[in-house]
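The block underneath contains the structure these notes are about, expressed in structure tokens.
The values are calculated or read from the model by the stated rules, or taken from the named source; none is laboratory data. If you're wondering where the values come from, they're calculated on a predicted model, not measured in any experiment. Every residue, glycine as well, gets a Cβ built from its backbone with ideal geometry; the counts of neighbours run over all protein chains shown.
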Ligand SMILES: Cc1cc2nc3c(=O)[nH]c(=O)nc-3n(C[C@H](O)[C@H](O)[C@H](O)COP(=O)(O)OP(=O)(O)OC[C@H]3O[C@@H](n4cnc5c(N)ncnc54)[C@H](O)[C@@H]3O)c2cc1C
């Protein structure tokens, strides 16, 4: 393999270029990114999982360099507001993990299992995790040197600035950038892609191609005709409207996901603004209705703000790597952004591909294994997102009735997991048995079930025995309160870079 052409200069294109450059450029492989001057990037996607930290760490890019350049903030997790109508369960926090969880997680899991048996014990995630505590107080999840427990965190960032930053870094590593529109793709007799033709009629040949052309998937889906497997039956949302709003003095260290009449709204804090959006199903409300509802939700009914309407194609390709072409990013599939997993899947795709390609001595030998692993990742993430809808008790609109009633497309493994939960089985053991932990770990599943209030309530509860109520929640509060004293105010921590120029 002498040369790789990546078509597409969105986040997926530049992340792929950086990882491939780090792996192969020193071995003499040329990497070229072709980016259309006529088609912009999608320009949304401002939240991440903790995996993004690994991406920057592996490239030796410090937070002090990339975060201020992208107006980035820290993210402790996601708060879900209004997803459940059960009294006392109207809001819950899905935390990212921390080393400190070793102290409190066993208490959470114990209480959750006891609550399932009907014991009247507190079992929501909010009071058991340091990440939840930090988010509640707008603290940054960066553990100071003297505090011996790391907290894992994700980020929020301006996606356009992130793309520009990644491009600069990739160019510095020797990646070639071509601003040109691909108008045609030529194939060899065996179906492999031979070259792409640019609008100025130049033909660019390569040994390997990476399709990062976004939803259009020019190489993998359009040229190689790899089928797309829609998740539309599992996940109803297929459109979004986005608009910014002013951020106040406090900068939250969490994403807010608020249930709306036909979907949900995100609120993502950056250093200079909030990014907001409403992800909805166009089968249940028009773009105008969605925009009006989002404006009302944000108090921006008559405000003059830039608004973007987007369509979403939700699902995945059958094969992410076919012939000599790998699709990455929206070109390979998309799961609605409720848990901000798209860039995580981009990272997984490129990392697993690099491993399989090298292990297969740069042939297609491990293509089937790679595709199976990627399909499992996509389906695993989809199942966790689907669970947010299946566990919601909202029935106030046709959208929520349709969403929560739709059981026929829940995967068999999920039905088994839901049954285990309702039967009060040890869910951690079930997650292990069903091999679900690779995609979302046990605490995430416990958080969603207890957070949504899928536990006995009210009259179904009985007084807990001493053994069932062996953990003192007030002591947990006090422990986490004292731990949180070690952490800095989120805004103050971010501003130190601004102040130091
Ligand atoms: C509403 C919404 C919210 C989202 N929120 C999140 C989130 O919170 N977190 C997260 O991780 N992800 C999120 N995502 C997903 C995220 O935006 C994308 O995964 C990410 O931006 C990568 O996009 P991309 O690079 O695959 O595609 P794009 O950004 O669409 O880039 C496509 C590129 O291909 C180029 N191109 C297309 N056709 C041609 C051609 N013929 N010739 C040359 N170049 C071409 C374009 O010029 C462009 O550079 C969200 C997506 C949506 C729709």
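General observations
- You will find that of 47, 82, the residue that is touching a residue at least 24 places away in the same chain (Cβ under 8 Å), in contact with a strand residue (DSSP E or B) (Cβ under 6 Å, 6 or more places away or on another chain) and more than 16 Å from the ligand (Cβ to nearest atom) is 82 and no other.
- Criterion (surrounded by fewer than 16 Cβ atoms within 10 Å (Cβ to Cβ) and in contact with a strand residue (DSSP E or B) (Cβ under 9 Å, 6 or more places away or on another chain)) met by exactly one of 364, 375: 364
- The numbered conditions (1) at pLDDT below 95; (2) surrounded by 14 or more Cβ atoms within 10 Å (Cβ to Cβ) are all true for residue 451 except (1).
- For residue 234, the conditions (1) modelled with pLDDT under 95; (2) in contact with a strand residue (DSSP E or B) (Cβ under 7 Å, 6 or more places away or on another chain) all hold with the exception of (2).
- Where helices (runs of 4 or more DSSP H) fall wholly inside segment 411-498, the ranges with 2 or more residues that are closer than 22 Å to residue 136 by Cβ are 442-451, 473-484.
- Leading residue by the ranking (farthest from the ligand (Cβ to nearest atom)) among those in segment 185-210 that are under 19 Å from residue 13 (Cβ atoms) and in contact with a helix residue (DSSP H, G or I) (Cβ under 9 Å, 6 or more places away or on another chain): 208
- Residue count for segment 212-226 satisfying the condition of being under 19 Å from residue 19 (Cβ atoms) and within 9 Å of the ligand (Cβ to nearest atom): 3.
- Against the list (1) in contact with a helix residue (DSSP H, G or I) (Cβ under 8 Å, 6 or more places away or on another chain); (2) surrounded by fewer than 19 Cβ atoms within 10 Å (Cβ to Cβ), the condition residue 286 fails is (1).
- The strands (runs of 3 or more DSSP E) found entirely in segment 301-381 that carry 3 or more residues being over 24 Å from residue 54 (Cα atoms) and more than 10 Å from the ligand (Cβ to nearest atom) are 315-317.
- Being farther than 30 Å from residue 405 by Cβ, surrounded by fewer than 21 Cβ atoms within 10 Å (Cβ to Cβ) and away from the ligand (no atom under 16 Å from the Cβ) is a description that applies to residue 250.
- Filtering segment 237-246 for residues that are within 15 Å of the ligand (Cβ to nearest atom), touching a residue at least 24 places away in the same chain (Cβ under 8 Å), in contact with a helix residue (DSSP H, G or I) (Cβ under 7 Å, 6 or more places away or on another chain) and outside any strand (DSSP E or B) leaves an empty set.
- Criterion (within 14 Å of the ligand (Cβ to nearest atom), farther than 22 Å from residue 339 by Cβ and either in the same structural domain as residue 445 (by TED's automatic domain parsing) or not in a loop (DSSP other than H, G, I, E, B) (or both)) met by exactly one of 31, 6: 6
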